[in-house]
Each structure stands twice: as structure tokens, then as C-alpha cells.
């Protein structure tokens with residue numbers, strides 16, 4: 001009898017908690033309609049992303065344009081038009097808007113790292129599965145100051161070059177830049193892009209779940 005009452009009480013608490021979360025989500029959407037249908041870390045809606053992809057722009061181009069648009073208070077479409085008129089040069093596009101491209105790249109990297117840090121558990125779990133490493137080892141690399149952004153890219157580089165991820169982490173600890181490591185391993189850029197895209201897709205799917 002007591003066990004049945006306890007079970008009913010637990011179920012009641014769970015249902016109440018679920019309803020509270022749903023109510024909070026609805027309230028947030030009503031107060032913040034601009035977030036509806038948006039990549040929260042990409043500054044662009046799903047609809048605009050699809051529309052611009054259909055126009056022939058790559059996802060990378062659209063995201064860069066979205067960042068420039070955000071920092072200059074312009075429309076993504078306008079930024080992409082300037083980009084096309086300037087021989088598809090991001091440096092010229094940034095110069096047109098009075099931006100320092102190096103500074104912008106740094107801010108974009110920081111933003112990516114922040115996103116990965118916010119979902120560190122999912123990132124570490126997926127990188128461990130992808131690279132055949134233990135989660136505690138990856139956690140230790142993070143504690144040693146290795147950015148999660150590099151760990152994700154390093155995992156993709158290791159896969160493409162048939163290297164152990166640990167070797168690439170050691171190169172990073174020795175002070176080598178991402179570009180230097182990539183060049184020393186003579187990695188195919190397109191294959192690296194595909195591997196990174198595959199890994200990030202799995203990470204994002206787990207985050208959504």
C-alpha cells in the first residue's frame with residue numbers, strides 16, 4: 001500500500017515538473033519570438049539559411065555573412081551581395097564595413113568554443129566514441145587547456161591522416177598551430193571538412209535529444 005502511494009507521489013511530481021518546464025518554454029517563446037526557428041549560435045533563422053543555400057551560397061559563406069551582418073547591424077543578404085561584388089573576398093567585404101577580419105575570425109572562434117563548452121558533456125562523449133579514446137582522457141586535455149574546438153578538429157584530422165588523436169594533442173601542447181599541424185600531415189582539405197561535418201552533426205543531434 002505504502003509502495004503504491006509512493007509510486008503515485010513520484011509520478012505526480014514528475015508530471016508537475018514536466019508541465020512546469022513546458023509552461024516556461026512557452027512563456028520564453030512568447031516573450032522572445034525572435035529566437036523561434038533560429039540557430040541560437042549562428043545568428044540566422046532556418047528559413048533564411050535554406051533560402052540562401054538555394055541561391056547557391058555555401059553554409060560557411062552564409063554563416064560568415066551572418067556574423068558580419070550582426071556586428072555591423074546589416075542584413076545578411078546585403079553582406080553577401082557585397083561579398084560577391086568584391087570577388088568573393090571576406091577581407092574586402094570586412095574592409096567595406098570597416099571591420100578587422102582577424103579580429104572577427106577570433107571572435108567567431110571564441111563563439112564556437114563557447115558553444116562547445118556549453119555542451120561539453122555531449123562533445124566529449126562523441127569525440128571519445130569517434131576517436132576510440134576514453135572520456136576521462138579527453139576531459140584531462142580540456143583541463144590542460146586544450147580548446148574543445150581543437151579537440152573536435154583534431155579528432156577529424158586524426159581520422160583523415162590515420163594518426164592517433166593523442167599525437168595531435170601533443171603537437172598542440174608543443175605550441176604548433178592548427179595550420180602547421182594540418183600542413184605537416186598533408187591533410188586533404190575536403191576530406192577533413194567532411195569528417196568534421198560528420199562529427200559535428202552527431203554532436204548537434206545529441207544536443208537536440
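The values are calculated or read from the model by the stated rules, or taken from the named source; none is laboratory data. The structure displayed is predicted, hence computed values, not measured ones. Every residue, glycine as well, gets a Cβ built from its backbone with ideal geometry; the counts of neighbours run over all protein chains shown.
It is to be established whether one or more residues within the stretch 102-109 are without any contact (Cβ under 8 Å) to a residue 24 or more places away in the chain, surrounded by 14 or more Cβ atoms within 10 Å (Cβ to Cβ) and more than 15 Å from the chain's Cα centre (by Cα). No, the stretch 102-109 contains no residue that is without any contact (Cβ under 8 Å) to a residue 24 or more places away in the chain, surrounded by 14 or more Cβ atoms within 10 Å (Cβ to Cβ) and more than 15 Å from the chain's Cα centre (by Cα). The one condition from (1) closer than 21 Å to residue 206 by Cα; (2) assigned to a helix (DSSP H, G or I) that residue 133 does not meet is (2). The combined condition, being assigned to a helix (DSSP H, G or I) and at pLDDT below 90, is not fulfilled by residue 65.
So that you can scan it fast, the table gives a plain yes or no per residue for (1) within 19 Å of the chain's Cα centre (by Cα); (2) modelled with pLDDT of 90 or more; (3) on the phi < 0 side of the Ramachandran plot:
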| site | (1), (2), (3) |
| --- | --- |
| 76 | no, yes, yes |
| 83 | no, yes, yes |
| 90 | no, no, yes |
| 122 | yes, yes, yes |
| 126 | yes, yes, yes |
